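Q: Below you'll find the structure I mean.
The values are calculated or read from the model by the stated rules, or taken from the named source; none is laboratory data. Note that the coordinates shown come from a computational prediction; the quantities given were computed from them, not determined experimentally. Here the Cβ positions follow ideal geometry from the backbone for every residue, glycine too, while neighbour counts run over all protein chains shown. Just the protein is used for accessible areas: all its heavy atoms, side chains included, with ligands, DNA and RNA removed. Shrake-Rupley method; radii C 1.70, N 1.55, O 1.52, S 1.80 Å.
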Amino acid sequence: MAAAVIFGYIALRPSAAPKKPKPIHYKITALGDSLTEGVGDLENQGYVGAAAEMLKKEKNVKSVSVSDLGHRGDTSADLLKKLKQPKYRKAIKASNTIFLTIGGNDIVHVFRQNFLDLHAGDFNKEQTIFSTKLKQVLKEIRQLNPDASVYYFGLYNPFEDYLGEANEDFVPILAKWNANSKQISENYQPISFIPTSDLFRNKSKQLLSKDHFHPNREGYNKMAKRLIEDIVKKQTKK
């Protein structure tokens with residue numbers, strides 16, 4: 001009860017009832033490469049499936065629907081082409097939440113093209129090309145849907161066990177790539193950059209699948225958990 005003073009007397013009046021939190025309905029479109037497709041844990045749909053299940057258990061969440069459009073092997077150039085297709089455009093327009101993984105295959109392209117003679121300059125050149133494509137991808141998403149919250153995953157290093165001493169040279173290259181991608185993404189709000197490199201660092205045997213490249217179920221669960229932490233944090237600020 002709230003009190004008010006009227007001519008020296010205290011009059012009690014009922015307090016305003018606390019507002020009930022609005023029910024949350026997540027309409028998710030998941031875009032990108034094999035990580036979004038869930039390769040390595042197809043039975044449970046990778047991080048997308050894990051994240052959807054986690055969201056359903058969150059307070060005030062009434063429904064979670066997912067359109068998973070991830071495709072194995074896609075580069076940023078491939079995704080950019082697909083964003084012109086009606087199926088992708090319709091899904092993006094209808095969503096309020098977008099998951100995105102892209103860039104891993106762009107880096108793999110450098111390894112394949114220059115495996116016997118890798119130089120930092122090879123990655124710098126590819127990063128410049130990727131940066132342009134990433135801007136175009138995010139711009140296209142924003143034009144289709146200015147308001148959806150985008151959650152964009154950074155890259156991890158699946159090559160630790162293969163590069164040997166060269167891994168010391170690759171770590172700062174990957175860190176620079178991620179930092180640049182994060183900086184670009186910040187121009188397309190509302191968006192969150194979800195880092196993953198620390199999740200997999202020195203844990204390849206525990207968190208990667210048999211192909212030693214894609215996450216296994218535990219690896220995807222760690223990605224999903226970090227994603228949900230960011231989503232919930234954003235939701236509580238609204």
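Q: Quick check on this structure: which one of K205, K176, K210 is within 20 Å of the chain's Cα centre (by Cα) and of a type in the set (K, R)?
A: K176
Q: Would you pick out the residues in the stretch 17-49 that are of a type in the set (D, E, K, R), in a loop (DSSP other than H, G, I, E, B) and under 18 Å from the mean Cα position of the chain (by Cα)?
A: Listed by number, the residues that qualify are D33, D41.
Q: Still on this structure, I have one more. When the stretch 75-93 is examined, which residues are found to be part of a loop (DSSP other than H, G, I, E, B) and open to solvent by 10 Å² or more (accessible area, probe 1.4 Å)?
A: Selection gives T75, K84, Q85.
Q: Within the bounds of the stretch 157-176, is there any residue that is part of a loop (DSSP other than H, G, I, E, B) and either touching a helix residue (DSSP H, G or I) at 6+ places or on another chain (Cβ under 6 Å) or open to solvent by 20 Å² or more (accessible area, probe 1.4 Å) (or both)?
A: yes
Q: If you don't mind, there's one more thing I want to ask. Among the residues of the stretch 215-238, how many are open to solvent by 10 Å² or more (accessible area, probe 1.4 Å) and not in a helix (DSSP H, G or I)?
A: 2
Q: Here's another thing I want to ask about it. Only residues that are among the acidic types (D, E), surrounded by 19 or more Cβ atoms within 10 Å (Cβ to Cβ) and over 19 Å from D211 (Cβ atoms): list them for the stretch 36-74, please.
A: D68
Q: Let me ask another. State whether one or more residues within the stretch 94-110 are of a type in the set (A, V, I, L, M, F, W, C), in contact with a strand residue (DSSP E or B) (Cβ under 7 Å, 6 or more places away or on another chain), open to solvent by 20 Å² or more (accessible area, probe 1.4 Å) and within 29 Å of E229 (Cβ to Cβ).
A: Yes: the stretch 94-110 contains one or more residues that are of a type in the set (A, V, I, L, M, F, W, C), in contact with a strand residue (DSSP E or B) (Cβ under 7 Å, 6 or more places away or on another chain), open to solvent by 20 Å² or more (accessible area, probe 1.4 Å) and within 29 Å of E229 (Cβ to Cβ).
Q: Follow-up question, since we're still on this one. I need a count of the residues in the stretch 180-208 that are over 16 Å from V48 (Cβ atoms), among the polar types (S, T, N, Q) and part of a loop (DSSP other than H, G, I, E, B).
A: The total comes to 3.
Q: Here's something else I'd like to know. Taking the criterion of being over 14 Å from the mean Cα position of the chain (by Cα), within 30 Å of S63 (Cα to Cα) and in a helix (DSSP H, G or I), would at least one residue in the stretch 123-132 satisfy it?
A: Within the stretch 123-132, none of the residues are over 14 Å from the mean Cα position of the chain (by Cα), within 30 Å of S63 (Cα to Cα) and in a helix (DSSP H, G or I).
Q: Moving on to the next point. Are any residues in the stretch 105-139 modelled with pLDDT of 95 or more and either closer than 30 Å to P23 by Cβ or of a type in the set (G, A, S) (or both), and if so, which ones?
A: S131, L138, listed by residue number.
Q: Using the structure shown, decide if A52 is of a type in the set (A, V, I, L, M, F, W, C) and under 14 Å from the mean Cα position of the chain (by Cα).
A: When the stated conditions are applied, A52 passes them.
Q: Can we say K210 is open to solvent by 30 Å² or more (accessible area, probe 1.4 Å) and touching a Ser or Thr at 6+ places or on another chain (Cβ under 8 Å)?
A: Against the criterion (open to solvent by 30 Å² or more (accessible area, probe 1.4 Å) and touching a Ser or Thr at 6+ places or on another chain (Cβ under 8 Å)), K210 does not qualify.
Q: Select from the stretch 183-201 the residues that are within 21 Å of Y220 (Cβ to Cβ) and open to solvent by 40 Å² or more (accessible area, probe 1.4 Å) and list them in ascending order.
A: Passing the criteria: P195, D198, R201.
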